[in-house]
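Notes follow once the structure below has been shown.
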Amino acid sequence: MSTQPIGIFDSGVGGTSIYKEIDALLPHENTIYLADSANAPYGNKTAEEILQLSIKNTELLLSYNCKLIVVACNTATTNAIKTLRETYNVPFIGIEPAIKPASLNSKTKAIGILATKGTLASKLFHDTTNLYRNDVQVIEQVGEGIVPLIESGKTLSEEMRILLKAYLKPMIDANIDYLVLGCTHYPFLLPLLIQLLPKQVKIIDSGEAVARQTKSILKKQNLLNTETISAKHLFYSNGDPKVMQALLKQPYSVNFLKF
Ligand code: DGL
């Protein structure tokens, strides 16, 4: 059981930012990654559509014998993880925007969150935000158009810079000191975000926390891979594998798979 792979899925290439954190913390674990790029973006779909796509991805990963599934997508986590956990008999690790650490540490009492419409509209996001926001002002911004640009290989383009500049303006005007990246695609925007935000604004995401949680659950359930031979990593995309390959910047090849 312990040598079985960890399954990871996202609406596209975004979850590879989570894959990297998992591989850094758990270098002996085998992994299978599914990029459902043909159906991206998930962020503008209904909760039911996001659930059906998440079920499709989960069942494919289970057919590859995965021992644990990482839902490397905030949109899928906030809309589908509850049902996935109730339906399937493997542990699921999800990702949610890091509202808690941002509001706990904010000195200006204003934080920004950039995420998809699907995440910001979800009940889980609202419940978590209300639980941890305290007296902090949370400026929500839908990242409309960002995921399609990343999925078409235009991550650091001029078009992206113009979009981000507009999205960040209300946050800068409100004097935020934390920007929460609430979508796993967004860490790829870091070079642009650093240029556009005032120096004192810290940018945070939940990638490392997801890797730590994955390790903790594997350990608790006796599922850690004890073999020390080099791990196998498979990447499948039902979109253009070249876009993912370019973002991955690792010696792995991304294969096309229809799913
Ligand atoms: N990576 C997904 C997330 O974390 C992107 C959602 C989308 O496809 O719109 O929310």
Original post:
Pulled fully out, how much extra length does the chain show between GLN221 and LYS258, if you take 0.36 nm times their separation in residues and subtract their Cα-Cα distance?
Top reply: 10.1 nm
**OP:** About the Cα centre of the stretch 135-240, how large is the charge dipole given +1 on each Lys and Arg Cβ and -1 on each Asp and Glu Cβ? Please answer in debye to the nearest 20.
**Re:** 440 debye
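Gain in length, SER63 to GLU49, computed as 0.36 nm per residue apart minus the alpha-carbon separation, to one decimal in nm? Provide the component values of the computation, followed by the final result.
Numbers: separation 14, 0.36 × 14 = 5.04 nm, distance 2.14 nm.
Gain on extension, SER63 to GLU49, equals 2.9 nm.
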**OP:** Write down the radius of gyration of the stretch 120-175 and its Dmax, each obtained from C-alpha positions, in Å.
**Re:** 14.1, 39
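With runs of 4+ DSSP H residues as the only contributors, calculate the mean residue ellipticity of the chain at 222 nm using -39,500 (n - 2.57) per run, divided by the residue total and rounded to the nearest 500. Walk me through the numbers before you get to the answer.
On the way: 11 runs with 113 residues, N = 259.
It comes out at -13000 deg cm²/dmol, rounded to the nearest 500.
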Original post:
What is the dipole size for the chain, taken about its Cα centre, with +1 at each Lys and Arg Cβ and -1 at each Asp and Glu Cβ, in debye to the nearest 20?
Top reply: 400 debye
Original post:
Which of LEU131, LEU248, LEU224 moves most in a GNM of the chain, Cα contacts under 10 Å?
Top reply: LEU131
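In the structure shown, do any of LYS56/LYS154; LYS45/LYS258; LYS169/LYS199; LYS123/LYS202; LYS169/LYS242 have a Cα-Cα gap over 22 Å, and if so which? Don't jump to the answer; show the numbers that get you there.
On the way: LYS56/LYS154 28 Å; LYS45/LYS258 20 Å; LYS169/LYS199 14 Å; LYS123/LYS202 26 Å; LYS169/LYS242 33 Å.
Correct reply: LYS56/LYS154; LYS123/LYS202; LYS169/LYS242.
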**OP:** Find which of GLY153, PRO170, GLN141 sits farthest along the positive direction of the dipole of the stretch 138-177, computed with +1 on the beta-carbon of Lys and Arg, -1 on that of Asp and Glu, about the Cα centre.
**Re:** GLY153
**OP:** Calculate, axis by axis, the spread of Cα positions in the stretch 1-57 along the three principal axes, and write the results as whole Å, longest axis first.
**Re:** 37, 23, 16
Original post:
Given N residues in the chain, what is Rg(Cα) / (2.2 N^0.38 Å)?
Top reply: 0.97
Original post:
With the dipole of the chain worked out from charges on the C-beta (+1 for Lys and Arg, -1 for Asp and Glu) around the Cα centre, which of GLN4, PRO241, ALA110 lies farthest toward the positive end?
Top reply: ALA110
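How fast does the stretch 1-108 diffuse by Stokes-Einstein, in µm²/s, taking the Kirkwood radius from C-alpha pairs at 25 °C and 0.890 mPa s? If you can, show how the numbers build up before the last one.
Details: Rh = 14.4 Å.
For the chosen part, D equals 170 µm²/s.
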Original post:
Label ALA24 and THR228 with points 7 Å out from Cα along Cα→Cβ: what is the distance between them in nm?
Top reply: 2.4 nm
**OP:** On a C-alpha basis, how far is the centre of the stretch 124-174 from the centre of the stretch 1-45 in Å? Whole number, if you could?
**Re:** 22 Å
**OP:** Using the Cα centre as the reference, give the magnitude of the dipole from point charges on the C-beta atoms of the stretch 14-102 (Lys, Arg: +1; Asp, Glu: -1; all else neutral), rounded to the nearest 20 debye.
**Re:** 120 debye
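Each reported figure results from applying straightforward, stated rules to the coordinates on display, with no laboratory input. Given the structure is predicted, the values throughout are model-derived calculations rather than measurements. Methodologically, a virtual Cβ is constructed for each residue, glycine included, from the backbone with ideal geometry; neighbour enumeration extends over all protein chains shown.
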